[in-house]
1. What whole-number distance in Å separates the alpha-carbon centres of the stretch 207-249 and the stretch 152-204?
2. Report, ordered by chain and residue number, the lysines lying within cross-link reach of Lys35, taken as a straight Cα distance under 18 Å and ignoring same-chain residues fewer than 8 apart.
3. Kindly identify the chain as rounded, prolate or oblate by the Cα gyration tensor criterion: order the square roots of the eigenvalues as a ≥ b ≥ c, call it rounded if a/c is under 1.5, otherwise compare a/b with b/c, prolate if a/b is larger, else oblate.
4. Mind listing the long-range amide H neighbours of Tyr61? Cut-off is under 5 Å, sequence gap 5 or more, other chains count too, H placed in the peptide plane at 1.01 Å from N.
5. With the crude spin-label approximation of a point 7 Å out along Cα→Cβ, what separation in nm comes out for Glu71 versus Arg121?
6. So, in nm, how far is label Arg147 from label Val261 when the simple model puts each one 7 Å beyond its Cα toward the Cβ?
7. Under a Cβ-only charge scheme (Lys and Arg +1, Asp and Glu -1), can you give me the dipole magnitude of the chain about the Cα centre, in debye to the nearest 20?
8. Give me Lys238, Lys35 sorted ascending by neighbouring Cβ count inside 10 Å, so fewest comes first.
Amino acid sequence: MDSRIFPGGTGSTGATSATGATAARSPAADLAGRKALVTGAASGIGRACARAFAEAGAHVYVVDLAGEAAERVAAEVGGTALVVDLSVAEAVEGLPADADIVVNNAGLQHVAPIHDFPPERFTLIQRVMVEAPFRIVRRTLPAMYERGWGRIVNISSVHGLRASPFKSAYVTAKHALEGFSKVTALEGAAHGVTSNCVNPGYVRTPLVENQIAAQALAHGISAADVVEDIMLDRTAIKRLIEPEEVAAAALWLCGPASGYVTGASLPLDGGWTAH
Ligand code: NAD
């Protein structure tokens with residue numbers, strides 16, 4: 001039995017109290033010897049995940065379309081850069097199948113009303129954000145089942161739980177990812193594999209910075225008003241969330257305290273879905 005599965009197991013460097021609770025100074029997870037495949041790891045949340053998982057001891061496969069940035073992140077975290085276009089099925093099928101942890105994170109946005117939404121853009125978003133996660137999980141599950149341990153973390157969104165106008169492809173893809181994550185959880189449970197989603201509100205990353213201008217155009221308002229009136233309108237906490245906060249939640253889902261958490265969706269949304 002893997003001692004890292006339980007709080008206070010010998011794999012933990014933290015002190016354990018009489019009640020079995022691990023002291024606050026323990027790392028969120030001890031991933032020494034693990035391989036973590038993180039998609040979209042060249043930027044934003046994916047890069048923060050690559051850093052957090054490497055710091056916890058994992059070897060990270062830095063998967064991204066952006067070659068130079070992926071190489072930079074891989075060099076920084078001592079991982080392996082894999083330059084892949086996740087919209088191409090054959091390329092996805094060439095990714096390593098030996099990861100203990102998969103973080104399905106790569107994504108893109110397109111903001112337009114449905115009647116103007118380019119169908120090829122809709123298809124691209126489903127390929128990268130739904131089909132690629134399916135193919136990656138399908139390829140990596142057999143080795144996880146063999147080892148009796150695996151962790152799938154799907155970087156969903158508050159838009160996996162709620163809709164917004166002008167984001168038909170993105171909201172569709174994230175809701176699909178939520179369903180896929182739950183099915184993975186049900187099938188994986190008997191094999192020591194958990195699957196969960198994390199659901200951030202607006203995160204301070206290039207994806208959001210690019211969106212501000214697009215939203216301003218779609219809604220016919222200023223960029224400042226997009227942040228104030230649209231992005232933060234539905235959150236109780238009036239700030240963007242940082243990529244590192246999302247990575248910390250993803251890491252926790254791979255750690256000793258969360259073995260019973262599966263098929264769940266963890267809102268990191270400043271209270272958005274409390275409405
Ligand atoms: P980002 O734009 O900073 O990073 C996305 C990465 O995905 C980029 O490095 C990009 O090159 C890569 N990528 C895009 N298309 C690809 C493809 N076809 N093949 C390989 N790589 C590809 O974005 P981010 O904000 O860090 O978003 C990461 C994930 O978090 C996305 O799934 C996004 O939907 C989700 N998310 C973001 C926010 C936010 O506010 N930023 C909120 C909720 C959820």
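1. That distance is 20 Å.
2. Result set, ordered by chain and number: empty.
3. prolate
4. Amide H neighbours of Tyr61, under 5 Å, 5+ apart: Ala36, Leu37, Val38, Thr80.
5. If labels sit at Glu71 and Arg121, their model points lie 3.1 nm apart.
6. About 2.0 nm separates the two model spin labels.
7. Details: 22 positive and 27 negative charges, 109 e Å.
Here the size comes out at about 520 debye.
8. Lys238, Lys35
Bear in mind that the values in this text are calculations on the coordinates, not laboratory data. Not measured: the values here are computed from a predicted model. When we count neighbours, we look across all protein chains shown, and the Cβ atoms used for this are built from the backbone with ideal geometry, even at glycine.
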